[in-house]
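We did not get these values from a lab; they are worked out from the coordinates using the rules stated. Worth saying up front: this structure is predicted, and the values here are computed from it rather than measured. With ideal geometry, Cβ positions are generated from the backbone for all residues, glycine too; neighbour counts draw on all protein chains shown.
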Amino acid sequence: MLLVEATWKEIETYLLDSQAIVIPIGSVEQHGPMGLLGTDAMCAEVVARRAGEIGGFLVGPTLALGMAQSHLAFPGTISLKPSTLMAVVQDVVASLSNAGFRHIAFLNGHGGNIATVTAAFSEIHAQRSLQQDLDNLNLALRSWFDLPGIRKLLADMYPKGHGSHATPSEIAITQHLYPHAKKMAPLDPQIAADGRFTDAHDFRRRYPDGRKGSDPSLANPEDGAKLVEAAAQALAQEMVRYTNK
Ligand SMILES: [Zn+2]
């Protein structure tokens with residue numbers, strides 16, 4: 001069930017049986033010369049929604065914007081500062097826990113969100129510790145590409161040229177979902193450089209077309225469909241312990 005397609009009465013009824021919800025979280029940021037700006041939000045959303053169908057749990061609205069400061073030197077990127085994203089996560093958790101949700105899992109599509117969302121969880125737990133809040137609250141953050149079995153699948157699909165940004169796997173998922181928006185572009189070098197970076201200006205200097213370590217021309221929609229199904233099955237499996245069904 002999708003929260004945005006439900007009424008409040010349906011959510012009230014759902015809460016009698018289960019207090020679990022998954023919130024997809026992504027980013028709107030450059031994804032190299034072939035990748036769509038919405039890639040990370042699209043990937044998180046489709047995996048969470050498919051997992052919700054498999055596991056019968058509630059899926060909340062996608063938090064499309066994330067912490068993408070290092071991509072701000074490329075036009076189209078929209079980034080929340082870490083402090084803003086922390087406030088968003090805290091307010092989302094406060095709203096849901098106020099309604100009775102006790103197991104709130106964020107399904108993430110962007111590596112750059114991980115440190116900030118984890119810090120937001122620490123802030124929430126710190127406040128609860130100080131207030132001696134005794135209600136159980138379980139917060140989880142899972143990235144679709146780190147779910148059980150997915151790294152192995154990625155290594156098998158793309159033995160060379162997967163890289164860490166504008167990867168063929170995430171672009172394959174968007175090609176599967178939005179075939180009308182598929183883009184092609186010349187890539188030079190074929191596999192981009194990879195490594196460290198600091199701010200957006202440093203990122204663009206080191207990685208001029210926006211890719212890191214990847215060859216997105218390896219992407220195809222069939223792989224995208226397989227990845228969505230595998231990640232959704234893995235997420236549904238992880239959620240079993242939180243759903244009282
Ligand atoms: Zn991405």
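Summary table below
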quantity	calculated
Between segment 147-195 and segment 5-68, the alpha-carbon center distance in angstrom	21
Rounded to the nearest 20 debye, dipole of segment 121-194 from Cβ charges on Lys, Arg, Asp, Glu	300
Most mobile listed residue (Arg196, Arg205, Arg151) in the chain, GNM with C-alpha springs under 10 Å	Arg196
Using alpha carbons only: equivalent-ellipsoid semi-axes of segment 3-242, gyration tensor based, whole Å	32, 21, 14
Computed [θ] at 222 nm, helices only, for the chain once each DSSP H run of length n ≥ 4 contributes -39500 (n - 2.57)	-14000 deg cm²/dmol
Sites Lys182 and Lys160 - FRET efficiency at Förster radius 25 Å, r taken between beta-carbons, to 0.05	0.70
Proximal lysine pairs, the chain, alpha carbons under 26 Å, eight or more residues apart or interchain	15
Potential lengthening between Ser217 and Asp194 on full extension [0.36 nm per residue; Cα-Cα distance subtracted]	6.6 nm
Magnitude of the charge dipole, the chain, Cβ model with Lys/Arg +1 and Asp/Glu -1, debye to 20	380
Contact order normalised by residue count of the chain, Cα under 8 Å, 6+ apart, percent	26
Rounded to 5, percent antiparallel among DSSP beta bridges of segment 3-242	15
Length gained when the stretch Arg206-Asp135 is fully extended (0.36 nm per residue, less Cα-Cα span)	20.8 nm
Mean Cβ neighbour count within 10 Å, used as a protection proxy, ranking 69-75, 59-65, 11-17 highest first	59-65, 69-75, 11-17
Segment 159-245 - percent relative contact order, Cα under 8 Å, separation 6 or more	44
